[in-house]
Each structure stands twice: as C-alpha cells, then as structure tokens.
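The values are calculated or read from the model by the stated rules, or taken from the named source; none is laboratory data. This one's a predicted model, so the numbers in the text were calculated from it and none came from an experiment. Please note: Cβ atoms are built from the backbone with ideal geometry, for glycine as well, and neighbour counts cover all protein chains shown.
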Amino acid sequence: MITRRELAALVPALGFAQVKEEKKLAPYYPTPETIVERMLQLGSLKAGEKMFDLGSGDGRLVIMAAEKFKADATGVELDDDLYKQSSERIKRLGLEGKARIVHGDVLAQDYSPADLLTVYLLPSATEKLTPILEKQLKKGTRIVSHDFPFKNWQPEKIEDIPDDGEGRSHTLYLYRR
Ligand SMILES: C[S@@+](CC[C@H](N)C(=O)[O-])C[C@H]1O[C@@H](n2cnc3c(N)ncnc32)[C@H](O)[C@@H]1O
C-alpha cells in the first residue's frame, strides 16, 4: 500500500506530468528523412543561417540542417525522452557547436534570430503560434510547415509530394514574413 509520504511525493510529479500533457501540441510522428531534406531545400536553408524546428522529435531536422546544410540549428522539444535522445545524438555526432535542443514549450521561445522555421504540429498549434511568430519574426524569415497550413497566412509555395510507397503523401507549405 502507498504511504502518505509516498503520495505527497507523487502529487507534484503527477501535476507536472499533467501540465506537460496540456502543453502538448502534437503527438510524436516523425517526418521521413527524404521529406526532411525537401523541407530544408524548400526553405532555401544556407550555410550559417539560423534554423529552428518547433517540436523537434528525435532531432532529425536539426541534425540534417547542421550536418548537410551547415546551418546553425536549434530544436525545441517538450518530451523528456525525445529531448535526451536527440541531445545525445547531437553529441555523438560531434555537432554540439552547430546544433542543440531546447527542452521546453514551443510557445515560450524567442524566434527573433531565425532565418528559417520548420513546423510539423497540429492546426490548433499553428493557430496558437501565429500571433507569437507575427510579433517575433524578422522580415524575410521563411517558415516551412509540413501537412498543416498556417490558415491566416498566404503561402508563397505549396509542394505536394505523392506517396512513394510508405503509405502517406505529404504537403509542404512555404511562407515568408
Ligand atoms: C509530429 S512530431 C514532429 C517531430 C519532428 N519535427 C519531425 O518532423 O520529425 C511533433 C513533435 O512536437 C513535440 N511537441 C508537441 N507539443 C510541444 C510543445 N508544446 N513544445 C515543444 N514540443 C512539442 C512532440 O513531442 C513531437 O516530438
């Protein structure tokens, strides 16, 4: 049986877990590597530019941005395990100088230095992000969103990528502030 002391120790932890659950804007559903590359190409990511992946999962966009496109890449991830796993992978690959993961909420970050943002979050999330990004982003920042558009913004380009056998097609939206 659980003791009163154990219960007292558990209550704040449960509360914390619940707050995390409430902040969650999408489940973990990774972008296939071929689409990761298409997203970074569509966003015209260049060496030395600052990119952010909002809800970075296992860090695949951040890692490819730093490794292949030589960008300065930051991921933001709420989930403890994905944060640890992606940070460890960055360290193992020796990319710490060019890539990092912030353990936090995408709605509570400063994106003002960004040249490119990549996003794969649900429509409710893009809605919450819209006023934050409108306030923070400098003129010319590109945003590439996977599958879910920012409904108040006019895309500069839409790329439809048919199913190549994995059982899902993809749509990429490019915006420029
Ligand atoms: C659909 S996955 C995309 C992962 C990665 N960007 C990719 O394309 O492969 C969404 C990710 O966002 C994370 N996430 C959800 N809500 C978040 C929030 N409020 N702050 C930070 N990360 C969040 C999830 O844990 C998950 O890893």
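Restricting the search to region 151-170, which residues are in contact with a strand residue (DSSP E or B) (Cβ under 7 Å, 6 or more places away or on another chain) and either of a type outside the set (Ser, Thr, Tyr) or surrounded by 14 or more Cβ atoms within 10 Å (Cβ to Cβ) (or both)?
Trp153, Pro155, Glu156, Lys157, Ile158, Glu159, Asp160, Ile161, His170
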Note to self: Against the conditions (1) at pLDDT below 95; (2) within 12 Å of the ligand (Cβ to nearest atom); (3) over 25 Å from Thr141 (Cβ atoms), where does Lys23 fall short? Just the number, please.
What the structure shows: (3)
Next item on the list: Within region 113-146, track down each residue that is closer than 14 Å to Gly43 by Cα, more than 10 Å from the ligand (Cβ to nearest atom) and hydrophobic (A, V, I, L, M, F, W, C).
Entry: Ala114, Leu116, Leu117, Ile143, Val144
Notebook entry, point to check: If you take the residues in region 150-167 that are in contact with a helix residue (DSSP H, G or I) (Cβ under 7 Å, 6 or more places away or on another chain) and within 16 Å of the ligand (Cβ to nearest atom), which one is farthest from Leu54 (Cα to Cα)?
Noted result: Ile161
Check: Is one or more of the residues making up region 83-104 among the charged types (D, E, K, R) and near the ligand (Cβ under 9 Å from one of its atoms)?
Finding: no
Next item on the list: From the list Asp72, Asp58, pick out the single residue that is more than 12 Å from the ligand (Cβ to nearest atom), of a type in the set (Asp, Glu) and at pLDDT 95 or above.
Entry: Asp72
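If you check Thr118, Thr130, which single one turns out to be within 17 Å of Arg176 (Cα to Cα) and either among the acidic types (Asp, Glu) or part of a helix (DSSP H, G or I) (or both)?
On inspection, the qualifying residue turns out to be Thr130.
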